[in-house]
Structures are given as structure tokens and as C-alpha cells.
1. Leaving out same-chain residues fewer than 8 places away, which aspartates and glutamates sit with a Cα under 17 Å from that of residue 147?
2. With r as the distance between the Cβ atoms of residue 112 and residue 170 and R0 = 41 Å, compute the FRET efficiency 1/(1 + (r/R0)^6) and round to 0.05.
3. How long is the gain from residue 23 to residue 163 if the chain were fully straight, where each residue apart is worth 0.36 nm and the alpha carbon distance is subtracted?
4. If you add up the charges near residue 150, with Lys and Arg at +1 and Asp and Glu at -1, over every other residue whose beta carbon is less than 13 angstrom from its beta carbon, what do you get?
5. At a Förster radius of 25 Å, what calculated FRET efficiency corresponds to the Cβ-Cβ distance of residue 70 and residue 154, to the nearest 0.05?
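Every read-out reported here was derived from the displayed coordinates using simple, explicitly stated rules and does not represent laboratory data. These figures come from a predicted structure and were not determined experimentally. Here the Cβ positions follow ideal geometry from the backbone for every residue, glycine too, while neighbour counts run over all protein chains shown.
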Amino acid sequence: MQLKLAAALGGLMLFVSTSAFAAEIVIPEGTELAMRLEDGLSSSIAKEGDRFTISLDDDVKLPDGTILRAGYRGVGEVVEARDNGMLGKNGKLNVRLLYMKIGDDRVRLRANRGAKGETRVGATVVTTLLFWPAAPFIKGKDVGMKKGTVMTAYVDQDVKLPSPLTPPPVVD
């Protein structure tokens with residue numbers, strides 16, 4: 001009788017311990033996240049391939065009731081950057097968000113944003129007609145994305161994370 005009781009208790013403990021390790025949190029593909037730029041970007045300085053820091057701006061409630069707390073960090077990348085140029089050519093800046101880290105896991109993101117500077121075609125045409133030697137010196141405007149700009153991103157694929165979640169990093 002004691003042997004059966006010990007075997008039953010052992011089996012129960014094994015079941016409880018494996019189910020504790022098997023608990024997972026799923027972030028479904030398409031989950032919307034508000035991501036904040038932690039670095040300012042400018043078409044006059046940025047270059048294709050430059051990386052920048054992003055962070056989760058608002059708490060996100062998942063379908064299972066788990067809450068992703070604001071503050072998780074991630075990485076974005078400059079896809080295209082063009083400085084302003086002569087003859088009123090404007091600056092251009094395109095970025096994409098790559099991933100957000102939760103503990104040691106990366107959550108791939110889908111998000112792109114582009115911006116163009118103001119074109120000065122009218123001023124270039126008038127200057128060319130009136131003062132043609134000065135036309136090449138008319139420049140368009142650079143474009144930038146300020147630190148704190150919030151972009152909407154979407155989770156790129158279902159992500160399974162271990163429970164409990166690692167809390168977001170504390171930033172001074």
C-alpha cells in the first residue's frame with residue numbers, strides 16, 4: 001500500500017513539475033504594438049544599415065490575459081537615407097523595426113516608416129530664370145524622426161515565451 005502511495009505521489013509531482021515548465025505565453029502574429037524611437041534620426045546623418053533603439057511604449061494585453069509591460073527594448077534599422085541636395089533635392093529617410101527583446105527571446109516585428117523633406121522646386125525654377133549661377137546652391141530640406149516618435153508595429157509570427165515573463169529593463 002505504501003509503495004502504491006509513493007508511486008502515485010511521485011507521478012503527481014512529476015506531472016506538476018513538467019506542467020510548470022511547459023507553461024508558455026503566446027504572442028499571436030499580428031499583435032499590435034506601439035513602439036517608441038529612443039534615438040533621433042536625420043537624413044543628413046543616418047546611413048543605410050544604421051541601427052537604432054526602440055521600446056514598447058504602452059502595456060499590451062494578450063489574448064490569454066498576460067500583460068506585456070511597457071519598456072521592453074528592441075532594434076530598428078535605417079533602410080534608406082538620402083541627404084538633401086542641390087537644385088532643391090529633398091532629404092529622404094526610410095526605417096523598419098526589426099525586433100523587440102523579451103528576456104533572451106526576440107519578437108520579430110513588421111513596421112516601416114518613410115519621410116521626405118520639403119522640395120523647393122519653385123524656388124529653384126525662379127532662381128534659375130533670374131539668377132542661373134545661384135540655382136545649384138538651393139538645397140532641399142533634410143528630414144528627421146524625433147526621439148519619442150511612436151510607430152505602430154505588428155508581431156511578425158506567433159511567438160512562444162516561457163512563463164513567467166522576464167520584466168522589461170529598468171531605464172534611468
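1. By straight Cα distance, residue 147 reaches 38, 39, 50, 57, 58, 77, 172.
2. Efficiency for this residue pair is about 0.85.
3. 49.8 nm
4. Net of charged neighbours comes to 0.
5. That gives a FRET efficiency of 0.90.
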